[in-house]
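The values are calculated or read from the model by the stated rules, or taken from the named source; none is laboratory data. Owing to the predicted nature of the structure, the values given are computational and were not obtained by experimental measurement. For neighbour counting, all protein chains shown are included, and Cβ atoms are generated from backbone atoms with ideal geometry for every residue, glycine included.
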Amino acid sequence: MYPSMKNDLILRAARGETVERPPVWIMRQAGRYLPEYHKLRSKQSFFEMCQTPETSCELTLQPIKRFDGLLDAGIIFSDILVIPQALGMQVVMLEQKGPHFPEPLVTPEDLEKLEKVPNIPAKLGYVMDAISLTRENLDGKVPLLGFSGAPWTIMAYMIEGGGSKAFTKAKTWLFRYPEASHRLLTMVTDATIVYLTQQVYAGAQMLQIFDSWAGELSPQDFFEFSYPYLVKICEGVKKELKKSKRTPVPMIVFPKGAWYALDKLCDSGYDVIGLDWTIDPREAVRIRGERRVIFQGNLDPNILYGGREIIESRTKEMIEAFNGGKQGYIINLGHGITPGVNPDDVRFFLEQCHKYGSQN
Ligand code: 1CP
């Protein structure tokens with residue numbers, strides 16, 4: 001029902017096939033480093049942009065158009081914080097400051113204020129509309145990724161009320177109110193399974209779960225408060241898709257900073273694991289062993305500030321370290337691209353990915 005795919009490299013790589021070169025996309029590839037993003041942003045608030053399918057579609061396509069032929073996937077323009085909104089919380093995006101919750105969760109009693117079983121299609125239907133519109137407009141150029149936040153990361157925002165350095169409030173919940181924490185994590189997990197499944201029905205061809213704050217947890221706490229919910233999401237989405245007789249889509253988990261959990265993550269059911277730059281690719285490959293999991297990553301995004309010479313050498317070294325990249329690998333940065341990067345350096349980086357990814 002959608003235009004046929006002209007480039008399905010990332011889907012083949014995610015299935016573990018040997019490919020002609022490793023596919024590449026960039027976390028947060030639509031956003032503040034692009035002048036064309038600021039042009040639209042000056043006219044609308046951030047969440048208005050997310051809620052307007054035409055704008056979300058246009059923003060998703062901006063990097064695909066600018067770097068024509070160099071990116072192998074699009075990621076739908078939205079934010080992980082639409083799930084707290086669907087659960088009944090208010091979230092605003094402050095200029096220069098980032099997300100802000102005027103009334104964060106303070107005590108377990110506050111869980112009563114949340115919608116127990118939110119109607120995801122009704123609350124977040126605009127994301128599904130944006131996905132369908134974008135699939136149509138991408139015209140098969142590259143596959144489209146959907147995404148969500150991981151339960152622990154979402155919980156951290158709901159309690160901290162925004163970004164944080166020490167996560168004192170969210171961790172106070174984990175250690176003082178473990179039972180209520182599990183209840184909250186379960187609510188977020190259940191909503192996320194419905195949300196991601198709906199994204200696939202709308203046209204998303206791959207899904208990524210961002211656990212941006214996984215590395216803030218000790219291994220013990222990650223395995224109690226994050227990992228089981230990540231697994232539940234993967235199993236839940238795959239089960240729902242099977243039930244409705246849909247083809248399964250590859251699922252990526254990005255547990256930033258949780259290199260200590262890599263061995264177990266290789267058995268978590270996810271098809272792809274996103275790695276940040278704090279793990280040596282060769283060490284990751286060694287830990288993976290013979291398992292069929294695909295790795296994604298892992299260049300330090302700040303390399304893009306270092307000039308052409310280091311962008312080229314580090315990209316080449318990274319691809320080599322992932323066994324040349326033709327099997328089991330998707331190129332990405334180790335975290336989202338940051339707002340000050342020069343788009344011409346991004347183009348140069350992508351060109352190096354094509355050059356060194358195609359060798360041998
Ligand atoms: O291009 C894309 O990748 C799609 C768009 C996208 C994605 C995947 C945006 C747009 N946000 C996200 C995910 C997201 N949002 C994450 C996970 C990835 C990561 O770790 O970077 C997180 C943690 C958020 C929360 C969030 N939203 C932050 C981080 C705040 C903090 O705690 O440090 C910020 C700054 C936002 C706002 C935001 N989201 C997206 C954009 C373009 C912006 C900037 C908004 C503006 O113009 O003011």
Can you pull out the residues in segment 200-223 that are more than 18 Å from W259 (Cβ to Cβ), assigned to a helix (DSSP H, G or I) and not aromatic (F, W, Y)? V200, A202
In segment 38-48, which residue that is more than 7 Å from the ligand (Cβ to nearest atom), assigned to a helix (DSSP H, G or I) and free of Cβ contacts under 8 Å to residues at least 40 places away in the same chain is surrounded by the most Cβ atoms within 10 Å (Cβ to Cβ)? L40
Identify, by number, the condition in (1) surrounded by fewer than 14 Cβ atoms within 10 Å (Cβ to Cβ); (2) within 10 Å of the ligand (Cβ to nearest atom); (3) in a loop (DSSP other than H, G, I, E, B) that E103 doesn't meet. (2)
Which listed residue, of R28, R66, is surrounded by fewer than 21 Cβ atoms within 10 Å (Cβ to Cβ), more than 12 Å from the ligand (Cβ to nearest atom) and within 25 Å of D345 (Cβ to Cβ): R66
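Test of understanding: among G140, G162, which residue is within 16 Å of the ligand (Cβ to nearest atom) and surrounded by fewer than 22 Cβ atoms within 10 Å (Cβ to Cβ)?
G162
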Inside segment 38-90, the number of residues satisfying the requirement of being polar (S, T, N, Q) and under 19 Å from S132 (Cα atoms) is 7
Taking segment 261-314 and keeping only residues that are within 30 Å of P248 (Cβ to Cβ) and among the hydroxyl-bearing types (S, T, Y), one is left with S268, Y270
On the basis of being at pLDDT 95 or above, assigned to a helix (DSSP H, G or I) and either of a type in the set (K, R) or within 28 Å of A73 (Cα to Cα) (or both), does T197 make the cut? yes
Residue that is surrounded by the most Cβ atoms within 10 Å (Cβ to Cβ), among those in segment 77-96 that are over 21 Å from the mean Cα position of the chain (by Cα) and not in a strand (DSSP E or B): M89
List pairs: first residue in segment 21-35 and without any contact (Cβ under 8 Å) to a residue 12 or more places away in the chain and more than 10 Å from P63 (Cα to Cα), second residue hydroxyl-bearing (S, T, Y) and part of a strand (DSSP E or B) anywhere in the structure, Cβ distance under 7 angstrom, at least six positions apart or on different chains. none
Enumeration of residues in segment 154-170 that are outside any loop (DSSP other than H, G, I, E, B), touching a residue at least 12 places away in the same chain (Cβ under 8 Å) and of a type outside the set (A, V, I, L, M, F, W, C): Y157, E160, G162, K169
Exclusive hit being under 20 Å from S164 (Cβ atoms) and either of a type outside the set (V, I, T) or within 21 Å of the chain's Cα centre (by Cα) (or both), set P23, P63, P104: P104
Quick one: is Y126 under 19 Å from the mean Cα position of the chain (by Cα) and over 19 Å from P255 (Cβ atoms)? yes
I'd like to check something: does segment 249-261 contain any residue that is under 25 Å from H335 (Cβ atoms), away from the ligand (no atom under 16 Å from the Cβ), outside any helix (DSSP H, G or I) and within 16 Å of the chain's Cα centre (by Cα)? yes
